[in-house]
Amino acid sequence: MRIALAQILSGTDPAANLQLVREYTERAADAGAKLVVFPEATMCRFGVPLAPIAEPLDGPWANGVRQIARDAGITVVAGMFAPTSDGRVTNTLIAAGPGTPNEPDTRYDKIHLYDAFGFTESRKVAPGREPVVITVDGVGVGLTTCYDVRFPALYTELADRGAQLIVVAASWGAGPGKLEQWTLLTRARALDSTSYVAAAGQADPGDSANGKGAPTGVGGSLIASPLGEVVASAGSQPELVVADLALDAVDAARKNIAVLRNRSSFVQLDRAESPG
């Protein structure tokens, strides 16, 4: 399976960002990819009010992504913001293209909100509740977003639900050691789930973003194998990363390491032997 990571640098204009989606999707399709993954906050970067930007999943921005996916003939995953009834937004991944329903509900709402490193995402963003696995070219693909990568249980749950590949769309916060953490966590989640993990982050804006401490990206998009090896990676600037995944490596890793199977046995044993 050939996939692509679109490490872009989103601005504050959704229309301009949608044009980036079109450009990178066409490049990914020309390269033979079946799936292209864009970062979190593709619709609009963090650091500005999100409620005025947010649109429903049947609105013009999401429909624009669907049209781009149809035109290119590949599946597109991209981060956007949708309104909620309590005045906040959801931090949502839309999935569009072959193998995904045409209804405006093929979505994943970020479960773990980034209330860390001095940023409080939950003030403006409502959390999701449900893990999501889609099918792309016959392959189960789990959807996760940024801060989710610090929570291993979500990744093992997605593997339990049939994911062989798990994507992480991120707008990673900068700071001492943060890029190294991003790489380490992505590789660790691949090992935890014995799945490929494809992590698409926002490029590093350098001094051009005035996000007042908002997570606006560090680059470093990468694909990790089920053994935690880096298959392909990007630098800090906008880049399209294309890689071929040997999906039989997932079955081999799950037979040889068997952490998913052994984990289930351990949980049963622990419950059986616990007092009461």
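Once the other residues with Cβ under 12 Å from the Cβ of I8 are scored (Lys, Arg +1; Asp, Glu -1), what is the net sum? All intermediate terms of the calculation are to be shown ahead of the outcome.
Working: positive: R22, R27, R45; negative: E23, E40, D204, E239.
After counting each charged neighbour, the total is -1.
Rounded, prolate or oblate: which fits region 23-155, taking a ≥ b ≥ c as square roots of the Cα gyration tensor eigenvalues, rounded meaning a/c under 1.5, else prolate when a/b beats b/c? It comes out prolate by the Cα gyration axes.
Take the Cα of D86, step 7 Å toward its Cβ, do the same at D137, and the gap between the two points is 4.0 nm. The GNM of the chain, with springs linking C-alpha atoms under 10 angstrom apart, assigns the highest mean-square fluctuation among D115, D86, D204 to D86. Loop-located trypsin sites (Lys or Arg not before Pro) across region 165-268 with a Cβ neighbour count of 10 or fewer within 10 Å are K212, with loop assigned by DSSP. Under the criterion of Cα pairs below 8 Å and six or more residues apart, the relative contact order for the chain equals 19 percent. Pair-distance distribution P(r) for region 56-119, from all Cα-Cα distances in 10 Å bins starting at 0: 21, 48, 22, 9, 0 percent. For the chain, the equivalent ellipsoid derived from the Cα gyration tensor has semi-axes of 28, 22, 19 Å, listed largest first.
Evaluated at q = 0.24 Å⁻¹, a Debye calculation over the C-alpha positions of region 161-241 (equal weights, vacuum) places log10 I(q)/I(0) at -1.07.
In this simple spin-label approximation, Q19 and R2 carry label points 7 Å from Cα along the Cα→Cβ vector, and these lie 2.8 nm apart. Over region 113-252, the ratio between the Cα radius of gyration and 2.2 N^0.38 Å evaluates to 1.04.
Beta-bridge orientation, the chain: approximately 60 percent antiparallel, per DSSP, counting only bridges with both partners inside. The share of accessible area on the chain that comes from carbon and sulfur is 50 percent, using a 1.4 angstrom probe. Counting only the backbone N, which residues of region 133-155 are under 16 Å from the spot 7 Å out from the Cα of F117 toward its beta-carbon? Within reach of a label on F117, which here means backbone N under 16 Å from a point 7 Å along Cα→Cβ, region 133-155 contributes 145-151.
The values are calculated or read from the model by the stated rules, or taken from the named source; none is laboratory data. Predicted model only: the values in this text are computed from it and were never measured. All Cβ positions, glycine included, derive from the backbone under ideal geometry; neighbour counts span all protein chains shown. SASA here: full protein model, heavy atoms, side chains in, ligands and nucleic acids out. Shrake-Rupley method; radii C 1.70, N 1.55, O 1.52, S 1.80 Å.
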